[in-house]
1. What FRET efficiency comes out for residue 243 versus residue 126 if R0 is 51 angstrom and r is the Cβ-Cβ distance? Round to the nearest 0.05.
2. Rounded to the nearest 500 deg cm²/dmol, what is the calculated helix-only ellipticity per residue at 222 nm for the chain, with -39500 (n - 2.57) per DSSP H run of length n ≥ 4?
3. Given points 7 Å out from each Cα along the Cα-Cβ axis, report the residue 190 to residue 39 separation in nanometres with one decimal.
4. Pick out the long, greasy-scoring helices in the chain: whole DSSP H runs spanning 20 Å or more along their own axis by Cα, mean Kyte-Doolittle at least 0.5.
5. Return, ordered by residue number, the residues of the range 148-171 whose backbone nitrogen is under 17 Å from a label point located 7 Å along Cα→Cβ of residue 205.
6. Compute the separation of the alpha-carbon centres of the range 210-229 and the range 36-100 and state it in Å as a whole number.
7. List, in the order given, every pair from 13/111; 130/207; 175/215 whose Cα-Cα distance in the structure shown is over 29 Å.
8. Show me 256-262, 74-80 ranked by packing, highest mean number of other Cβ atoms within 10 Å first.
Amino acid sequence: MILAAKDLALSIKDEVKKNVAENNLKLTLAVILVGEDNASKIYVRNKKIACEYIGIKSLIYELPESISQNELLEIVFELNERSDVTGILVQLPLPKHIDEAFIMENINPLKDVDGFHPENVGKLTLGSPKLVPCTAIGIIKLLEHFKINIDGENCVVVGRSNDVGKPVASLMLAKNATVTICHSHTKNLAQITKTADILISAVGKAKFINCDMIKENSTLIDVGMNRIDGKLCGDIDFDSCISKAKNITPVPGGVGLMTIAMLMQNCIIANALQKFRNVGK
Ligand code: GUN
């Protein structure tokens, strides 16, 4: 089965849209883009389009590559204080002279719709998640939608990033999978990936996973967004793996669509958390 996310992502966005309209929610998502990275510009544009579809106001800050860490921090502080701003997203990667972790730490955790603030990471790890990284929660929603069992399954995550690898491993663990995280220093990678009932690849290398690295009848989740000659392709060699795997997500049309849908849902969650705590009111 090809796990196409189009219908599910649309139904999640429609649910959020309905929630916004019925409850007359006034939500604003602030997105900060620093520099000229083309992929980041596309991601930010897609976030803006999703906000327009749902009825969430978006404030897009396009800042020069040369902005200092302190200048960026000042903008984050201002957005933290604004009672009309529901969510703050600083698009990554940031230029080398800016400490990404430091910027993330300074976003109000109740407005952290990326789920990257240490408080939100801690809550996820401790098993009481609030705002969870969008791609990671999107993968869980996708698996559940297609009724793919997680409980007791061997899950191998390839990639240990803070935005995908680690949070998706935490969520799969919370769903009672037996989780292994592999990375660039892992020995005998194929030997480990071949044990995966559910293989999640988030390494950012085109066609990195081939049919000799997967288990028969497994479920393959491809988080990669790579380009070969301008054409989008995932980490998993789709053509090589499709006949051996039981399920596989396409690129494009898979996990990426879920990320945006879950970002919209995180705006609703952030709004509810702030109401509860009377943030900036
Ligand atoms: N860059 C690539 N993916 C993401 C994401 O989900 N959030 C942010 N902030 N930056 C990204």
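The values are calculated or read from the model by the stated rules, or taken from the named source; none is laboratory data. Given the structure is predicted, the values throughout are model-derived calculations rather than measurements. For neighbour counting, all protein chains shown are included, and Cβ atoms are generated from backbone atoms with ideal geometry for every residue, glycine included. Heavy atoms of the whole protein, side chains included, go into the accessibility calculation; ligands, DNA and RNA do not. Shrake-Rupley method; radii C 1.70, N 1.55, O 1.52, S 1.80 Å.
1. 0.80
2. For the chain, the value works out to -12500 deg cm²/dmol.
3. 2.6
4. 255-277
5. 157-161, 165
6. Taking the Cα centre of the range 36-100 as reference, the centre of the range 210-229 is 31 Å away.
7. Pairs exceeding 29 Å: 130/207.
8. In decreasing order of mean packing, 256-262, 74-80 become 256-262, 74-80.
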